[in-house]
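Beneath this line is the structure, given in structure tokens, with notes to follow.
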Amino acid sequence: MDTPSDALARIRAFVSERLLDATLERDFITLPFREVQPRLDALRAEVKSLGLWAPQVPRSLGGLELPFLTFARVGEALGQSPFGHYVFNCQAPDSGNMELLHAHGSAAQKVQWLEPLARGDIRSCFAMTEPGHAGSNPVFMSSRAIRDGDDYVIDGHKWFTSGADGAAFTIIMVVTDPDAPPHARASQVIVPMDAPGVTRVRNISVMGHAGDGWPTHSEMRFDGVRVPVTNRIGDEGAGFALAQERLGPGRIHHGMRWLGICERAIDLSCRYAVSRELSPGHPLAEQQAVQHMLADSRAEVDAARLLVLDAAQQIDANGVHASRDAVSTLKFFVAGVLQRVLDRAIQVHGALGVTDDTPLAFWYRHERAARIYDGPDEVHKTVVAKRMLKAYGFGAR
Ligand SMILES: Cc1cc2nc3c(=O)[nH]c(=O)nc-3n(C[C@H](O)[C@H](O)[C@H](O)COP(=O)(O)OP(=O)(O)OC[C@H]3O[C@@H](n4cnc5c(N)ncnc54)[C@H](O)[C@@H]3O)c2cc1C
């Protein structure tokens, strides 16, 4: 059996040898997902046969069960490819759903939903945000589940449900008791996507691209959807607490994936800078302005990595709740670094940078949202600043 560092080394090697494939990357970015999926599935089979499948998942479910901090490093390695996480079955939102079901699912839920998810036989999604309410306030929603005998009857309107197209089930956040205190009103309930009353209205066009299959974000309607009460995850009213528990590690995973993107952007920029000649024998790399862009990116990425790993260590040692300031700090800081590093990389590449001949423009389009999802910058900055100011008496009255 591999040690965690052996597994990490083998995963890094697989990424550079098998995933950084310019043709496959261009096809993934420009063709419908369903046309590229057979090639990605072949890579998934290879990963399984190498014993590297689902690095975050327990061994009892067929995964590698890597320690949290090693998996953070894995996330950076996989982030260098737009489909790295998918090929290893640790893509969002399935990865978070697996963690949730493993920690809080009933025995029956684990057999029916977690096991096939961990095998990669099905996909899933997570429906919390509603078009009619500010997603930044997670206790503000109107989707309802009303108890009727042994069932819940669910009505709601959600959007930005990532990966809904082709998913076998969603975990929906719904109000189960509107009279409870705000943080105890909602529950998380498993809804099969083929249940009567579930409609995937559309794949939302994001930066000009609606897409199909896994890399999509859908608008969803739930009209009188009936599911057994046993589909609820955890206690009634525990939805908000479960969501918070999921988001701490989730932000570490996003942060490390973003750093993988940054490393790839720096690598592509350096390669281009030494090969693109401004005049015979004089590459772009001679220009101090280009050198400074590379150095700025290097410094920001290295600083960002220390922040993410420090937050991951805090979660490991003290739990998610005690680490929330560190998590908020990395969330807004690293999302900003990602945006700036991609922007510089595109600048270094000139016109090539805005084409889909490299993955830079794809990431620039799709990762603009990093400053919005899992809590916009402003929300995280407020969390951090309020705690800083508390030490000076702010908010005491
Ligand atoms: C690509 C992508 C994927 C997503 N995937 C999912 C998913 O799978 N499942 C899911 O349920 N949701 C998903 N979301 C939704 C995401 O969680 C929400 O977009 C996010 O919570 C923000 O909510 P909102 O869009 O309603 O913005 P709003 O809450 O309407 O906020 C709008 C803006 O107001 C400002 N703002 C908000 N609050 C404050 C504040 N307290 N102080 C100062 N300024 C503030 C911010 O600038 C913010 O961007 C996804 C979103 C995107 C873009």
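The values are calculated or read from the model by the stated rules, or taken from the named source; none is laboratory data. This structure is a prediction, so every number in the text was calculated from the model and none was measured. As a convention, Cβ positions derive from the backbone with ideal geometry for all residues, glycine included, and neighbour counts pool all protein chains shown.
Please name all residue pairs, on different chains or six or more residues apart, with Cβ atoms under 9 Å, provided the first residue is in segment 368-382 and is under 17 Å from P249 (Cα atoms) and aromatic (F, W, Y) and the second residue is outside any loop (DSSP other than H, G, I, E, B) and near the ligand (Cβ under 8 Å from one of its atoms).
Note: pairs meeting the criteria are Y373/F160; Y373/S162.
For E245, work out the one condition from (1) under 30 Å from R12 (Cα atoms); (2) under 19 Å from the mean Cα position of the chain (by Cα); (3) buried (at least 22 other Cβ atoms within 10 Å of the Cβ) it doesn't fulfil.
Evaluating E245 over (1) under 30 Å from R12 (Cα atoms); (2) under 19 Å from the mean Cα position of the chain (by Cα); (3) buried (at least 22 other Cβ atoms within 10 Å of the Cβ) leaves (3) as the failure.
Quick check on segment 338-346. Is at least one of its residues more than 16 Å from the ligand (Cβ to nearest atom), assigned to a helix (DSSP H, G or I), among the acidic types (D, E) and modelled with pLDDT of 95 or more?
Yes: one or more hits.
Of all residues in segment 302-328, how many are among the β-branched types (V, I, T) and farther than 14 Å from R246 by Cα?
1
To keep it simple, each residue is scored yes or no on (1) within 16 Å of the ligand (Cβ to nearest atom); (2) modelled with pLDDT of 95 or more.
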position: C270; (1), (2): no, yes
position: R276; (1), (2): no, yes
position: H321; (1), (2): no, no
position: H366; (1), (2): yes, yes
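Can you pull out the residues in segment 127-146 that are touching an Asp or Glu at 6+ places or on another chain (Cβ under 9 Å) and either within 15 Å of I190 (Cα to Cα) or of a type in the set (G, A, S) (or both)?
Taking segment 127-146 first, the residues touching an Asp or Glu at 6+ places or on another chain (Cβ under 9 Å) are 131, 136, 140-146.
Once the filter is applied, which keeps residues that are touching an Asp or Glu at 6+ places or on another chain (Cβ under 9 Å) and either within 15 Å of I190 (Cα to Cα) or of a type in the set (G, A, S) (or both), segment 127-146 yields S136, S142, S143, R144, A145, I146.
Looking at D296, D325 in this structure, which one is in contact (Cβ under 8 Å) with a residue 40 or more places away in the chain and exposed (fewer than 15 other Cβ atoms within 10 Å of the Cβ)?
D296
Only one of H349, H380, H366 is in contact with a strand residue (DSSP E or B) (Cβ under 8 Å, 6 or more places away or on another chain), not in a loop (DSSP other than H, G, I, E, B) and not assigned by TED's automatic domain parsing to the domain that holds G163. Can you tell me which?
It is H366.
Taking the residues in segment 121-131 that are in a strand (DSSP E or B) and near the ligand (Cβ under 8 Å from one of its atoms) as candidates, determine which candidate is farthest from the chain's Cα centre (by Cα).
A127
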